[in-house]
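> Got a structure here, written out as structure tokens. Questions coming.
None of the figures in this text is laboratory data; all of them are computed from the coordinates on show. Since we're looking at a predicted model, the values are computed, not measured. Reconstructed Cβ throughout: ideal geometry from the backbone, glycine too, with neighbour counts over all protein chains shown.
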Amino acid sequence: MTSTRVLFIGGTGIISAAASALAIERGLEVTLLNRGSSRRAPHPGAEVLTADIADAEAVDAVLGSREFDVVADMVAFTPEQVQRDIDRFEGRTGQYVFISSASAYQKPVSRLPITESTPLRNPFWQYSRDKIACEDLLVEAYRSRAFPATIIRPSHTYDKWSLPFFGGWTVVDRMRRGAEVVVHGDGTSLWTLTHADDFARGFVGLLGNPLALGDTFQITSDFVYTWNEIFAIMGAAAGATPRIRYVTSAAIEAAAPHTAGEHLGDRAHSVVFDNTKIRALVPDFAPVIPFHTAAREMLDHHDAHPELQVTDPAFEALFDRLVATAS
């Protein structure tokens, strides 16, 4: 029996590294196409092709006329990038998987839990509007000519390499030094955190699944936390008690215009998800990794790798300004 041939465009990011590793473990034939610049090493069982997906000639050189049962683009963010994939892979794959974003759901959300039928509308964040436009393009391609698209909407997905808050390691460093850390709002909004290994089980279960064609699935954890809890859990893992300074999301974005939409269009809103739909097609999808366990893994990993403990002077200065302004 021939195994399912899967091409991951990317394959070494937070989501794609876990998904490609699980796909290999389950016997799928996995090829990764990326620039070879990620800090996460590809799974040794994967075929690795090095090219920038934006460089058509380079991609032609490494892919030739090869066909795949599944093409999963983990690094497409704009309609132009999705159209590029449609033009390249139409007729050459049995399924095209697009990674959208749960941030595309309406903000503010009218009711919880969020389902796949929750309207898509985010007036705050261009990133989310671009993802919505990508989805619209794929839905039209499926409806008009049966382009075999599957749309996935992850929410905040993390692994041991990635710290779950605005500012990254700078926040951990401030916690350990006893400096105040900034939390948006009053820290009581609800947030869903999904470990990449949990996400991978739902994702891989959809690869090559004919019932997933032309459809959309959100894949998230069932573990929900307030931001106060997230900072407390990370502080405990770091051996520190966070000194929190609350700042409005609007004030954060005003002080850091380059982040426009990341708070007002995402983090500031409570998000709780209903995963009934993914469980119907992938019965073994069951998130099992709580954040308090993963937080310890994150800090152990960073403490074992000093090169990852990089503070950002721009974030340090931003946090100092916000703390001073809110005083």
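> How would the chain be classified by its alpha-carbon gyration tensor: rounded, prolate or oblate, with rounded meaning a/c under 1.5 and the a/b versus b/c comparison settling the rest?
It comes out prolate by the Cα gyration axes.
> Mind checking the full-extension length gain between Arg26 and Ala254? Use 0.36 nm per residue of separation minus the Cα-Cα distance, one decimal, nm.
77.4 nm
> Once phi is turned into θ = phi - 60°, what whole-Hz ³J(HN,Hα) does the Karplus curve with 6.51, -1.76 and 1.60 give for every residue of the stretch 128-145, x standing for Gly and Pro?
Karplus-based 3J(HN,Hα) across the stretch 128-145 equals 5, 5, 5, 5, 4, 4, 4, 4, 4, 4, 6, 4, 5, 5, 5, 5, 7, 8 Hz.
> Give the peptides 7-17, 88-98 in descending order of average Cβ contacts within 10 Å, highest first. Walk me through the intermediate numbers first.
Details: 7-17: 24.6, 88-98: 18.7.
Going by the mean number of other Cβ atoms within 10 Å, highest first, we get 7-17, 88-98.
> Modelling each spin label as a point 7 Å along the Cα-to-Cβ direction, I'd like the Glu67/Thr241 distance in nm, to one decimal.
6.5
> What relative contact order, as a whole-number percentage, does the chain give when Cα pairs under 8 Å and 6 or more residues apart are counted?
Once divided by the residue count of the chain, the mean separation gives 19 percent.
> Which lysines, if any, have their Cα less than 18 Å from the Cα of Lys131, not counting same-chain residues under 8 positions apart?
Once the sequence-local lysines are set aside, what remains near Lys131 is Lys107.
> Shape verdict for the stretch 1-106, please, from the Cα gyration tensor: rounded (a/c under 1.5), prolate (a/b greater than b/c) or oblate.
It is rounded, given that a/c, with a ≥ b ≥ c, falls under 1.5.
> Now a separate question. What is the calculated FRET efficiency for Leu281 to Thr2, with r their C-beta to C-beta distance and R₀ = 25 Å, to the nearest 0.05?
It comes to 0.65.
> Under 5 Å between amide H atoms, partner at least 5 residues away or on a different chain: which partners does Phe273 have, H built in plane at 1.01 Å?
Answer set, sorted by chain and number: Ile114.
> I need the phi-derived Karplus couplings for the stretch 149-166: 6.51 cos²θ - 1.76 cosθ + 1.60, θ = phi - 60°, integer Hz, Gly and Pro marked x.
8, 10, 10, 10, 10, x, 9, 6, 10, 9, 9, 5, 7, 10, 8, x, 9, 4
> Another question about this same structure. Considering the dipole of the stretch 12-106 built from charges on the beta carbon (Lys and Arg +1, Asp and Glu -1) around the Cα centre, which of Ile99, Gly13, Phe68 is farthest to its positive end?
Comparing the listed Cα positions along the dipole, Gly13 ranks first.
> Now for a separate question. Measuring from label point to label point, each 7 Å out along Cα→Cβ, what is the Thr78 to Thr115 span in nm?
Placing both labels 7 Å along Cα→Cβ, they lie 3.6 nm apart.
> In addition: Determine the distance separating the Cα centre of the stretch 1-73 from the Cα centre of the stretch 301-322; give it in Å without decimals.
Cα centroid of the stretch 1-73 versus Cα centroid of the stretch 301-322: 32 Å apart.
> Rounded to the nearest 0.05, what FRET efficiency do Glu47 and Leu190 have when you use their Cβ-Cβ distance and R0 = 56 Å?
0.85
> Rounded, prolate or oblate: which fits the stretch 169-287 when a ≥ b ≥ c are the square roots of the eigenvalues of the alpha-carbon gyration tensor, with rounded for a/c under 1.5 and prolate only if a/b beats b/c?
Details: a/c = 2.84, a/b = 1.91, b/c = 1.49.
The shape class here is prolate.
> Arg143 to Arg39: extension gain in nm, 0.36 nm per residue of separation minus the Cα-Cα distance?
Answer, rounded to one decimal: 33.6 nm.
> Also, I was wondering about something else. Which aspartates and glutamates, if any, have their Cα less than 16 Å from the Cα of Lys277, not counting same-chain residues under 8 positions apart?
Counting by Cα, and skipping residues close in sequence, Lys277 has these aspartates and glutamates nearby: Glu116, Asp198, Asp215, Asp222.
> So, one more: Between Asp320 and Arg296, what is the label-point separation in nm under the 7 Å Cα-to-beta-carbon projection?
My value for the distance between the label points is 3.6 nm.
> How much of the DSSP bridge set in the chain is antiparallel, in percent, rounded to the nearest 5? If you can, show how the numbers build up before the last one.
Working: 4 of 39 bridges.
Here the share of antiparallel DSSP bridges comes out near 10 percent.
> Read phi for every residue in the stretch 239-246 and hand back ³J(HN,Hα) as whole Hz from Karplus 6.51 cos²θ - 1.76 cosθ + 1.60, θ = phi - 60°, with x for Gly and Pro.
Couplings: x, 9, 9, x, 9, 9, 10, 7 Hz.
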